[in-house]
Amino acid sequence: MPHQLSTSYLQDSIGLFRYYKKLGDRAMAQCPDEALFLTLDPESNSIAILVKHMSGNMRSRWLNFLTTDGEKPDRNRDTEFETPASTRAELTAQWERGWNYVFDALEPLTEADLPRTVTIRTEPHSVMQAINRQVAHYAHHVGQILFLAKHLTFTKTGKWESLSVPRGKSADMNAKVAAGKFSQQETLFSSKKA
């Protein structure tokens, strides 16, 4: 599908969030169950801890997004790094619940909402600034999930399915995009549910 130019900040933002969710989904799907709960060293987080933290952050930031502070008074961030889910099913439910907060908050917004003021820890942010802050935060943690999943999966199984352009395939990808047979923009930034 050919690339479609967009000037909608919200459409592109929602697309980015969906892209990062999809990367996390695909990385965790390849990861053996036990590897979801492993850490590389005492200072590292497991995938399960990262999911717990992200889900807690998502609830706090996006629940009643336009009307309440993004740091909810009942959030205890420090406990997000303790006692993670113990099964893949629990982990997946937590992951999905967190992302539902994101999309439930963003999808009803219009471009007219972007200059509105919201607060995070009482500091004022425009809606656009708050969205940018969370895109960066979630990209950071999804990158950690991806690294852990790839490392632990390959170590355990000797296999890993690339989630982007596989090594040695850049020229093929460029040719497909140039010929209009594939659009990385459509794949990476589609605001549609996948």
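The values are calculated or read from the model by the stated rules, or taken from the named source; none is laboratory data. Being a predicted model, the structure only gives us computed values, none of them experimental. All Cβ positions, glycine included, derive from the backbone under ideal geometry; neighbour counts span all protein chains shown.
The table below lists the values:
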quantity: Test: residue in the range 106-115 that is surrounded by 13 or more Cβ atoms within 10 Å (Cβ to Cβ), more than 27 Å from residue 26 (Cα to Cα) and touching a strand residue (DSSP E or B) at 6+ places or on another chain (Cβ under 9 Å); calculated: yes
quantity: Residues that are buried (at least 20 other Cβ atoms within 10 Å of the Cβ) and more than 11 Å from the chain's Cα centre (by Cα), drawn from the range 11-34; calculated: 13, 27, 28, 31
quantity: Given (1) closer than 22 Å to residue 12 by Cα; (2) at pLDDT 85 or above; (3) not β-branched (Val, Ile, Thr), index of the condition residue 167 fails; calculated: (1)
quantity: Any hit, the range 73-94, residues being surrounded by fewer than 15 Cβ atoms within 10 Å (Cβ to Cβ), within 30 Å of residue 7 (Cβ to Cβ), touching a residue at least 24 places away in the same chain (Cβ under 8 Å) and out of contact with any Leu (no Cβ under 8 Å at 6 or more places or on another chain); calculated: no
quantity: Top-ranked residue of the range 54-64 - restricted to ones that are crowded, with 20+ Cβ neighbours inside 10 Å and out of contact with any Gly (no Cβ under 7 Å at 6 or more places or on another chain), ranked as nearest to residue 157 (Cα to Cα); calculated: 57
quantity: Unique residue being more than 20 Å from residue 139 (Cα to Cα), in contact with a Pro (Cβ under 9 Å, 6 or more places away or on another chain) and in a helix (DSSP H, G or I) when the list is 90, 34; calculated: 90
quantity: Matching entry among 97, 116, 121 (being among the basic types (Lys, Arg), under 20 Å from residue 51 (Cα atoms) and at pLDDT 95 or above); calculated: 97
